[in-house]
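Report on the following structure.
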Amino acid sequence: MASRSLSYTQLLGLLSFILLLVTTTTMAVRVGVILHKPSAPTLPVFREAPAFRNGDQCGTREADQIHIAMTLDTNYLRGTMAAVLSLLQHSTCPENLSFHFLSLPHFENDLFSSIKSTFPYLNFKIYQFDPNLVRSKISKSIRQALDQPLNYARIYLADIIPSSVDRIIYLDSDLVVVDDIEKLWHVEMEGKVVAAPEYCHANFTHYFTKTFWSDPVLVKVLEGKRPCYFNTGVMVVDVNKWRKGMYTQKVEEWMTIQKQKRIYHLGSLPPFLLIFAGDIKAVNHRWNQHGLGGDNFEGRCRTLHPGPISLLHWSGKGKPWLRLDSRKPCIVDHLWAPYDLYRSSRHSLEE
């Protein structure tokens, strides 16, 4: 059979047909992605942690349980795993630790499998946090990580966990505990809603804008109080008092004012300060050696504060796992490394 060559016009027509076909297929794929629930990101793989068992003096009643809440952010999962390991390793009664994890919808199955394979004996439950609760209320802050919905999940903690839980310890994912968490759990709240280390020598004015300080109605909220800074990454919360006092709504009210007037620059911290600063149960500073991640802009290295330490907290931009991986760690990052369960390709080769 004789071959036929295509004219220039026919070639153009053929190319147009192929382009249309590719475009239509691509659109169909995109539509398919939109219609289906988002796929979970590829989670890092972790080594299995050893089993930690209770001592003979540990009770087995419900009243002996220590409730700990954390968020499960896929970007911070490596930090969460290290934090959990540190809590178990230094606890006298590790089997009495009950973990309440908050995660975004759609990812809980993958996160559950990851935690279960790493800590087969862990007592935990994962709760879905609906990002739509806060998405429209979040104002842009000085660092993008502070604007993520999960950063605000602690506000809704009392509404999400079981009503039978009347006290809980909230912890960030960028910390390790080097003491028995039971000591913090048994702090005498003295009628306060929140217990945390507070710092009364910090310059409180830096946390709010000139708009706030120049508004006589807004600044009235601090009247009669000695406002002291505290970090919301480590808190003991009387959940019953939180619910009865409707503090979730109170935080939301300040977030609404922030959207209208821009009264602060940080994320979820300032509303807590406006409500609780000067009215919390002060806890020993050893329970939050914070700021090890440096400032919110460059994350420069910082040294430890003098005094005893029960908890190391890499608040700030610099996270220890990222600095260690980049081979540019700060000295304090080596204190986090022993709790890192991440199974890297290097670990695989060594095994």
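The values are calculated or read from the model by the stated rules, or taken from the named source; none is laboratory data. Since this is a predicted model, take the numbers as computed values, not measurements. Heads up, the Cβs are rebuilt from the backbone with ideal geometry, glycines too, and the neighbour counts pull from every protein chain shown. Quick note on the areas: whole protein, heavy atoms, side chains included, nothing else; ligands and nucleic acids left out. Shrake-Rupley method; radii C 1.70, N 1.55, O 1.52, S 1.80 Å.
Values for this structure:
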read-out: Kirkwood-type radius of region 134-251, with distances r between different C-alpha atoms, in Å; value: 16.5 Å
read-out: For region 61-67, 3J(HN,Hα) per residue [Karplus equation, 6.51 cos²θ - 1.76 cosθ + 1.60, θ = phi - 60°, Hz, x = Gly/Pro]; value: 7, 4, 5, 8, 6, 10, 8
read-out: Rg/Rh (Cα only; Kirkwood hydrodynamic radius) as it applies to region 206-351; value: 1.06
read-out: Long-range HN-HN contacts of ARG167 with modeled amide H, under 5 Å; value: VAL239
read-out: Karplus (6.51, -1.76, 1.60) ³J(HN,Hα), θ = phi - 60°, over region 121-128, in Hz, Gly and Pro reported as x; value: 9, 6, 8, 8, 9, 10, 10, 6
read-out: Long-range HN-HN contacts of LEU102 with modeled amide H, under 5 Å; value: MET70, THR71, LEU72, TYR127
read-out: Overall dimensions of region 93-193 as given by Cα atoms, namely Rg and Dmax in Å; value: 15.4, 42
read-out: List ARG78, ARG53, ARG300, ARG47, ordered by accessible area with a 1.4 Å probe, largest first; value: ARG300, ARG53, ARG47, ARG78
read-out: Per-peptide average of other Cβ atoms within 10 Å, ordering 250-257, 121-128 highest first; value: 250-257, 121-128
read-out: Additional length obtainable on full extension of the chain from ASP180 to ALA282, 0.36 nm per residue less Cα span; value: 34.9 nm
read-out: Accessible surface of VAL187 - all protein chains present, 1.4 Å probe, nearest 10 Å²; value: 20 Å²
read-out: About the Cα centre, charge dipole magnitude for region 150-199 (Lys/Arg +1, Asp/Glu -1 at Cβ), debye; value: 160 debye
read-out: Per-selection Rg to Rh, region 41-150 - Cα, Kirkwood hydrodynamic radius; value: 1.02
